[in-house]
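Only one structure is covered here, and it is reproduced in the block below.
Each value in this text was obtained by applying a stated rule to the coordinates, not by laboratory testing. Just so it is clear, the structure is predicted and the values come from calculations on it, not from any experiment. Ideal geometry is used to build each Cβ from the backbone, glycine not excepted, and the neighbour counts take in all protein chains shown.
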Amino acid sequence: MQYGILTFEEPQPDISRKILHVDMDAFYASIEMRDNPALRNKPVVIARHPRLTGGRGIVSTCNYEARKYGIHSAMSAVEAYKRCPQAVFVPGRHEIYRQESQRIHAIYRQYTDIYEPVALDEAYLDVTNNKKNIQSGTLLAKAIQEQIFEETGLTCSVGVSYNKFVAKIASDYHKPFGITVIEPKIAVDFLKTLEIQQFHGVGRKSVPLFHELGIYTGEDLYQQSLEFLMHHFGKMGYSLFFKVRGIQNTPVKRDRERKSIGKETTLSQFLTEEIEVMKIFERLTRQVAMNLIDKQLSAMTVTIKIRYEDFETVTRQMKHDEGIQQFEDLYPLVAELWQMHGHLNKSIRLLGVSVSNFENQTIQQIPLLDNL
Ligand code: TTP
Ligand code: MG
């Protein structure tokens with residue numbers, strides 16, 4: 001098969017699997033409405049009121065009523081207030097959101113052991129061979145949706161397809177409380193109808209770049225050669241070329257199989273000051289710790305990565321006797337690794353923090369579930 005100057009064997013989608021993507025509807029906001037009926041018919045924004053924070057603060061999410069005013073996640077709370085002054089601002093209760101997430105994960109485990117949590121409210125399930133012996137993806141999706149509703153009072157939307165990418169787009173297609181099934185034979189036609197920003201991985205920043213190149217829809221994307229997409233978008237272009245053809249064969253990864261969790265950042269301005277380095281390490285460590293908590297994992301090994309201006313790259317790791325999950329436990333180790341192995345004789349272009357060597361999790365989950 002010829003794509004521009006690059007030649008490949010004809011790639012084939014793997015259509016042997018049945019994958020569900022489950023995503024809770026307005027997750028934090030729905031929990032708040034469930035627990036406080038007075039909020040139910042009002043626009044609800046999960047953020048501290050801008051009056052209480054001197055204007056700082058970011059919207060975590062909002063209910064569907066508030067979305068009618070154009071409010072969305074990651075917007076400043078001040079902007080949300082401008083768009084809808086009568087909205088009720090509710091500060092987040094993260095411990096409760098985590099507990100609900102645990103309950104939902106316990107439901108997934110009744111259907112399959114092959115599930116991959118992506119965020120607190122979102123997971124992929126491989127149900128090709130499921131514990132309920134239900135063949136139909138649609139019936140499975142209905143059963144999970146109903147069980148989650150009965151046990152938690154919360155609604156979710158489910159995408160059903162043969163790969164993770166299509167299932168994720170499908171779960172977003174009919175929200176809230178929707179089920180969207182995309183069979184292999186209609187997948188490419190379905191993908192062609194989408195807007196470019198609906199392709200997972202195309203971030204807000206890159207949308208204008210696609211538009212400049214005349215790519216507005218899946219159909220436009222489909223018309224481009226692999227060479228062209230790689231030239232303009234590198235690795236993302238490569239992956240999109242196949243995704244728009246319905247090809248994405250990465251399996252649903254069980255957490256147990258996950259080898260490491262990490263975050264790294266390439267710095268637009270090289271670092272020359274210790275205080276800047278520590279600030280970045282702190283941010284990366286926070287993100288890694290959040291990820292560990294979301295996935296209910298504890299790690300025994302911590303690694304830092306430093307890439308200097310001349311591309312010399314140093315990775316150093318430290319083992320700990322017990323599993324670590326919290327930022328407060330992780331950060332001192334990161335700082336120590338930096339003190340022992342880092343220097344600023346040259347400026348720094350990239351920093352990374354990762355954790356690996358996970359402890360067995362089943363033991364940790366029992367007390368959490370018992371509390372419910
Ligand atoms: P999402 O699934 O992106 O959003 P949602 O569940 O609130 O709404 P939707 O019905 O569109 O799926 O995120 C899940 C939760 O993660 C969300 O309730 C709050 C939190 N979150 C943040 O804290 N910050 C963010 O920027 C985003 C996107 C989500
Ligand atoms: Mg959601």
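In the chain, Cα pairs under 8 Å separated by at least six residues give a relative contact order of 16 percent. Bridges between two residues of region 1-123, per DSSP, are antiparallel at a rate of about 75%. Seen from every direction in turn and averaged, the convex hull around the alpha carbons of region 238-303 projects onto 6.9 nm².
State to the nearest 20 debye the size of the charge dipole of region 68-222 about its Cα centre, where the only charges are +1 on K and R beta carbons and -1 on D and E beta carbons. The partial results should precede the final answer.
Numbers: 17 positive and 18 negative charges, 56 e Å.
The dipole magnitude comes to about 260 debye.
A straight chain from His72 to Gln12 at 0.36 nm per residue would run longer than the Cα-Cα distance by 17.9 nm. With N residues in region 46-105, what two-decimal value do you get for its Cα radius of gyration over 2.2 N^0.38 Å? Normalised Cα radius of gyration, region 46-105: 1.18.
Each Cα pair under 8 Å and six or more residues apart adds its separation to the average, and for region 74-202 the resulting relative contact order is 14 percent.
Taking packing as the residue-averaged number of other Cβ atoms within 10 angstrom, the listed peptides 153-162, 39-48 run from highest to lowest as 153-162, 39-48. Remark: the Cα gyration tensor places region 102-253 in the prolate category, a/c being 1.5 or greater and a/b exceeding b/c. Summarising the amide proton neighbourhood of Thr112: residues at separation of 5 or more, or on other chains, whose placed amide H is nearer than 5 Å comprise Lys131. Separation of region 279-315 and region 71-114, taken as the distance between their Cα centroids, equals 25 angstrom. For the pair Phe149 and Ala106, label points projected 7 Å from Cα toward Cβ lie 2.2 nm apart.
Glu359 to Glu322: extension gain in nm, 0.36 nm per residue of separation minus the Cα-Cα distance?
Details: separation 37, 0.36 × 37 = 13.32 nm, distance 0.82 nm.
Between Glu359 and Glu322, full extension yields an extra 12.5 nm.
For the chain, the average shadow cast by the Cα convex hull is 21.5 nm², which is a quarter of the hull's surface.
Taking amide H as placed 1.01 Å from N in the peptide plane, the amide H of Val202 sits under 5 Å from none that are at least 5 places away or on another chain. Less than 5 angstrom separates the built amide H of Leu120 from none of the residues sequence-distant by 5 or more or on a different chain. Within region 211-366, the proportion of C-alpha pairs whose separation exceeds 23 Å stands at 53%. Treating r as the C-beta distance of Lys82 and Tyr216 and R0 as 22 Å, the FRET efficiency rounds to 0.15. Per residue, the Cα convex hull of region 275-329 amounts to 84 Å³. Please work out, to two decimal places, the log10 of the ratio I(q)/I(0) at q = 0.13, 0.16, 0.21 Å⁻¹ from a Debye calculation in which every Cα of region 1-139 carries one identical scatterer. After summing over all Cα pairs, the log10 values are -0.71, -0.85, -1.15.
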